[in-house]
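Structure, as structure tokens:
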């Protein structure tokens, strides 16, 4: 049976009907990964393959559980007890996690089986999966191209049929953007919807774990499997989790009729690639045909999103990554002769260039004499950005935007220019700043055959209606579900 | 001490460990002296992906301490990250409260007994109290020429409150009185063990001098590592002298951190780069703001026990004690309880009971280095002793022999008096006859007395006492002899 042709939803139906077993699905994807790893142009999507971890839990899976033994890959910045967690970095070489995080505990309780850890930009800092110390991951659509980042491995694995389901993390677009690059679906939940306990922190006020899968329906199932309150995460919400899967049953056109979709003028400027604009136009047409009303809106502080994000995220990261000091765990430089050398050498040897760059930036914006002008200012701007979203989302049900300003690029094309790399996050970062949920849905290809995605945004904790709106397009146009 | 041209300005920062069952942000149990790294969770060790969760008991105790120190409890407070690298700091940042502490604007009244300035009371303002987590401990060792250091994270994450005083302390004695009072208040409320030797109570001082009467504060130095009350006093006295010398020679005081050297009894400069710290404080994103309602604060206020000052005032009012004596009793809550138990057993002589406790009992506690809880004499026994004296059953002198016996045996005084036949002889006739005998038997002394040597009266008293083995009622003896001798 070629499980690669299935969606997650179809595989679940098959599992429940006992057409096949979890063991068979697992074996299939393990051998696909092993085969891919042998290729010289391997996708390099998986850092660690752990079929034994999945098999060990297989017997205790309840067949009536949500995921019924479905194998899931997780990005390598999520703690699973007994497994390594590298965050794509040398500094955590050899580190084995002493505990399992909240979202993954929920995933397993719901019948998911973790069988591997995916490649990522080091400490989730990147938009192309080129900063990983395990080598770049590749885009399965064309292996010369980046799969996006920082959850590049996860998106590549799903798109490359190495997995039916993966969990990534999104701090400034790291689920949505790679999903768009690889032609799959990626959802960033509302901040606080999914537990961060066990997720190695990058930007504590921005990070969220979210699903990457082939269809919107698949991501709805995965979100249901991981969402919910965790008292070990003081920022996690205790709001009830709706049945995201059930609500997809509602007929799409009835749902979309009369819904208002905002098109922020700041997102559709001449800086947006024409090819991408063309694909977005078809998406707009679709929703119009379904009876939705397109409303021009404005998010006036959009131009400050990148600056604001790169100040806050790096500031938080500079503190979050300070614990990697060679003292208690992880890599300690072998040539360190005293305390100072333990610190300087372990961190110099262990961290890559982009991570160092961001730690320096974050340290700078928090330092005495600069705090007010940078960090404090950015926090105030953040509040205004959030207010912009709140105001617009009072006028409209959803906001529709492109995912990236430019088409997917080749490996190595932008890696020498970090600023250019940062600017490509322009459509994604504001959602993390505002805390609102966003989903990336494939909507065609560019002239080079590389995928293009669009982004749909809703208000805080409105994943249910967001998924319904995205599913309407995905089901109809992408013939998914 | 300082030349009389200088005003001394001192501010104290006191850290007290809260005696909660678990740590401030993790469910690891707090401990002291346990085997290294046995009271930690991955959070305490700073493992990636772990997150802090606020211990409500710690918040509760911090508010209790704030209320006991007359602070305003802030309805909204926040946590911040204080960033620096040191092996005893597992996350390389401490979670503390920098911008918005839980308590502000408190005060503490203290009594000072200064040989120069006399006895007086004053109020010291408390700027703020905030909650923060403690760091771990380092131990240094190694062998064969290789220095090694070891990190024990048992203590890392233990909840602390930091109490910051206004710079309103003006002498080392005031500083000691303030620290002693803080300790007493925290012990009364029961939020900390306040054990300076174990480190559950620590004190840093900021001190500067200014020309007498000037309103401009001088440069201050910060002194750390004072682990006893005497150490605090010695450190401040030394630093005052040092700063005065520098200033009098026309020099400038460098704002720096000094360590108190307990062996040499002086302050030393740390002279290390650690002083140039920029902590890059920013709000802790993993914790929401702490919100406390007025009702919650009122409920916590209702849980406070009677505080030292209230108890002191009550002792002065109800028992007629001097402020100083009341202060001594109240300084140690168990001692104050002991006193009250004794007075309850024999309410007629509260002042006398106080006297016995603050002199004889205190001497024994000090000599044996024990606390009142370990004292072999029960409060009721002390009360009995005072009662026996007051009712004339034994003399004060005899009592001073009975007391050590009580301490040694733990027996009630009545039992000891009966066993040893120490009761005061009350028999008028017997005493009169003995007095007459002594007077009759010493005509020379009588003559001396009658010719103006009044001091020789004691000779007659001594003679009677000897005959009665010290058990004659002294008052009666005096009366009779006075009459006999004219």
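What follows is calculated from the coordinates using simple rules that are stated; it is not laboratory data. Fair warning: this is a prediction, and the values are worked out from it, not measured in the lab. Here the Cβ is made from the backbone with ideal geometry for all residues, glycine too, and neighbour counts use every protein chain on show.
Summary table
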| item | result |
| --- | --- |
| Projected area, mean over directions - the stretch B:1-155, Cα convex hull, nm² | 14.3 nm² |
| Two-decimal ratio, the stretch A:199-243, of alpha-carbon radius of gyration to 2.2 N^0.38 Å | 1.28 |
| Proportion of all alpha-carbon pairs of the stretch B:100-235 beyond 21 Å (%) | 53 percent |
| Taking A:181, B:435, B:194 and counting other C-beta atoms within 10 Å, the order from fewest to most | B:194, B:435, A:181 |
| Rg and Dmax [Cα atoms of the stretch A:151-242; Å; Rg one decimal, Dmax integer] | 12.6, 36 |
| Geometric extent, Cα atoms of the stretch A:1-82 - Rg, Dmax (angstrom) | 13.5, 41 |
| Projected area averaged over orientations for chain A, convex hull of C-alpha atoms, nm² | 21.5 nm² |
| Nearest 10 degrees, 0 to 90: helix B:474-485 Cα axis against chain B principal axis | 40 degrees |
| Chain B: calculated mean residue ellipticity at 222 nm from DSSP helix runs of at least 4, using -39500 (n - 2.57) | -11500 deg cm²/dmol |
| Per-residue Cβ neighbour rank within 10 angstrom, fewest leading, B:47, B:140 | B:140, B:47 |
| Within 10 Å of each Cβ in B:146-158, the average number of Cβ atoms from other chains | 1 |
| Whole-number D in µm² s⁻¹ for the stretch B:430-486, Kirkwood Cα-pair radius fed into Stokes-Einstein, 37 °C, 0.692 mPa s | 297 µm²/s |
| Hydrodynamic radius of the stretch A:205-288 per Kirkwood, over alpha carbon pairs, in Å | 16.3 Å |
| Averaged over B:282-290, number of beta-carbon atoms from partner chains that fall within 10 Å | 5 |
| Whole-percent pair-distance distribution, where bins are 20 Å wide, for the alpha carbons of chain B | 19, 41, 26, 12, 2 |
| Label point distance in nm, residue A:19-residue B:32, each placed 7 Å from Cα along Cα→Cβ | 6.8 nm |
| Burial ordering of B:240, B:131, fewest other beta-carbon atoms within 10 Å first | B:240, B:131 |
| On Cα atoms only, tilt of B:172-189 relative to the major axis of chain B in degrees | 90 degrees |
| Intensity falloff of the stretch B:14-72 expressed as log10 I(q)/I(0), Debye formula with alpha-carbon point scatterers, at q = 0.13, 0.19, 0.24, 0.30 Å⁻¹ | -0.42, -0.77, -1.01, -1.24 |
| Calculated log₁₀ intensity ratio I(q)/I(0) where the Debye formula runs over C-alpha points of the stretch B:258-376, q = 0.14 Å⁻¹ | -0.80 |
| Long-range Cα-Cα pairs in the stretch A:360-481 (distance over 20 Å), rounded percent | 58 percent |
| Mean shadow area of the protein assembly as shown, taken as a quarter of the surface of its Cα convex hull (nm²) | 54.0 nm² |
| Spatial separation of Cα centroids for the stretch A:3-62 and the stretch B:421-486, in angstrom | 112 Å |
| Cα long-axis angle, helix B:56-68 against chain B (0 to 90 degrees, to the nearest 10) | 50 degrees |
| MRE, 222 nm, helices only [DSSP H, n ≥ 4, -39500 (n - 2.57), over chain A, to nearest 500] | -11000 deg cm²/dmol |
| Relative frequency of Cα-Cα separations exceeding 16 Å in the stretch B:50-108, percent | 54 percent |
| D_trans [Stokes-Einstein, Kirkwood Rh over alpha-carbon pairs] for the stretch A:335-403, 20 °C, 1.002 mPa s, µm² s⁻¹ | 136 µm²/s |
| Where N is the number of residues in the stretch B:167-262, Cα Rg divided by 2.2 N^0.38 Å | 1.18 |
| P(r), alpha carbons of the stretch A:52-141 - 10 Å bins starting at zero, rounded % | 18, 42, 29, 11, 0 |
